[in-house]
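Visitor: This is the structure I want to talk about, given as structure tokens.
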Amino acid sequence: MTRIVSRQHALARGVSDSELQRYCRTRAWRRLCPGKFVSSTEFDALSPTDKHRIVAEAVLSTSQSPDSVLSHISAVVLHGLDVYNADLRKVHITRNRSGGGRSSSTRKVHTSTYTESEVTEVDGVRVTSLARTVADVARSLPFEEAVCIADCAARTRGVTRDQIEAVLDSCANHPDNRRARRVAEFMDARSESVGESRCRVVLHELGYAPRPQVLLSDAAGVFARLDFEIEDISTVVEFDGRIKYGKLVPEGHSASDVLWEEKRREDRIRATGRQVVRLTWADLEHPHRIRALLVAAAARAAASPPPTGTTRET
């Protein structure tokens, strides 16, 4: 575990200020913020989110305000939620007051009242609660990024729309509540990954109404759980994050076995008269491609007999 070293602790161990400066100059140590250091070797080996966590803990520990708590994307990281496309360069802190916020190259200080129920501790560090954290990012991040975080909180920690809306209601005059309510209304615990959350957002913004995690049955019974069904155009959308072809291959099977089973599953889906569209991470960057695929699928469906079998949501 990466250990933060304070200047006071280093001096107590006999390390002088000049030696601290030399350690940082030679890059043996990295200065996280004034008076807080870490081994460069240990720090450089961390993931971007773990780096942010270490910096956030250091920055919060130097705050002179006892009402300071980590918030926004920093609280997302501390809570262990999925982070997609978020700016991790600044540590976000909220102080329990109505004014005086400021920003620097390393930190963003928000000023917003909170109740003690909206604060918790993660590994001894004070952070905004899960519901307050999701509400804060829903107010401040783009819709897609905020939905990915909200879906993860719902899926892994049981956070609900009502909990988010209760936080928003507690500060009814916040200027960004409308955008946050859109996130709360859209969040869905059935999205099983960041990729599926992004896919759902893209489909929604293209004007479709995807139903996530739908069970499909034929005469022999339930045989598939679909990532998305777009019922209006008799089309199934499957998001291929590729993980199932790699590290999650079942023991005793090969990637080719998984691919073969996936082909048989898709053939069986098509046998019910439904079209199948597969999307990848690369496709999500080009919504016009997705629109073209779905328009073509809708045309094929319109020229085919009505689908058979039944679907139901999980």
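Visitor: Note down the net charge around R291, summing +1 for each Lys or Arg and -1 for each Asp or Glu among other residues with Cβ under 14 Å from its Cβ.
Guide: Summing Lys and Arg as +1 and Asp and Glu as -1 gives -2.
Visitor: Another one. Quick one: compute the contact order of the chain, relative version, from alpha carbon pairs under 8 angstrom and 6+ residues apart, as a percent.
Guide: Contact order relative to length: 10 percent.
Visitor: Ranking request for peptides 132-139, 150-157, 61-68, 163-170: highest mean number of other beta-carbon atoms within 10 Å first, then the rest in descending order.
Guide: Descending packing order for the listed peptides: 132-139, 150-157, 163-170, 61-68.
Visitor: Here are labelled values, (i) 22.1, 71; (ii) 31.4, 104; (iii) 24.1, 82, and one is the computed Rg and Dmax of the Cα atoms in Å for what I pasted. Which one?
Guide: Label (iii) holds the value from this structure.
Visitor: Can I ask one more? What residue among L259, I233, V119 has its Cα farthest toward the positive end of the dipole of the chain, where the charges are +1 on Lys, Arg and -1 on Asp, Glu, each on the Cβ?
Guide: Towards the positive end, the residue furthest out is V119.
Visitor: Can you order the peptides 286-299, 180-193, 95-108 by their average number of other Cβ atoms within 10 Å per residue, highest first?
Guide: 180-193, 286-299, 95-108
Visitor: Could I ask something else about it? How large is the convex hull of the C-alpha atoms of segment 98-189 per residue, in Å³?
Guide: That works out to 114 Å³ per residue.
Visitor: Okay, moving on. Please list, in chain and number order, the residues 5+ apart from D188 or on another chain whose amide H is under 5 Å from its amide H, with Hs placed from the backbone.
Guide: Residues meeting the criterion, in which the H sits 1.01 Å from N, are D151.
Visitor: What is the total of Lys pairs in the chain with C-alpha atoms under 29 Å apart, excluding same-chain pairs fewer than 8 positions apart?
Guide: Value for the chain: 10.
Visitor: Cα centroid distance between segment 290-314 and segment 96-161, in Å?
Guide: 39
Visitor: Which shape class applies to segment 1-105: rounded if a/c is under 1.5, otherwise prolate when a/b exceeds b/c and oblate if not, where a ≥ b ≥ c are the square roots of the Cα gyration tensor eigenvalues?
Guide: oblate
Visitor: Right, here's the next one. To the nearest 20 Debye, how big is the dipole of segment 113-233 about its Cα centre, given +1 on the beta carbon of each Lys and Arg and -1 on that of each Asp and Glu?
Guide: In total the dipole reaches around 160 debye.
Visitor: On C-alpha positions alone, give me the angle between the axis of helix 48-61 and the longest principal axis of the chain, in degrees, nearest 10.
Guide: 40
Read-outs: derived from the displayed coordinates by stated rules, not from any lab. Note that the structure is a prediction, hence the values are computed from the model and not measured. We place every Cβ from the backbone using ideal geometry, glycine too, and count neighbours over all the protein chains shown.
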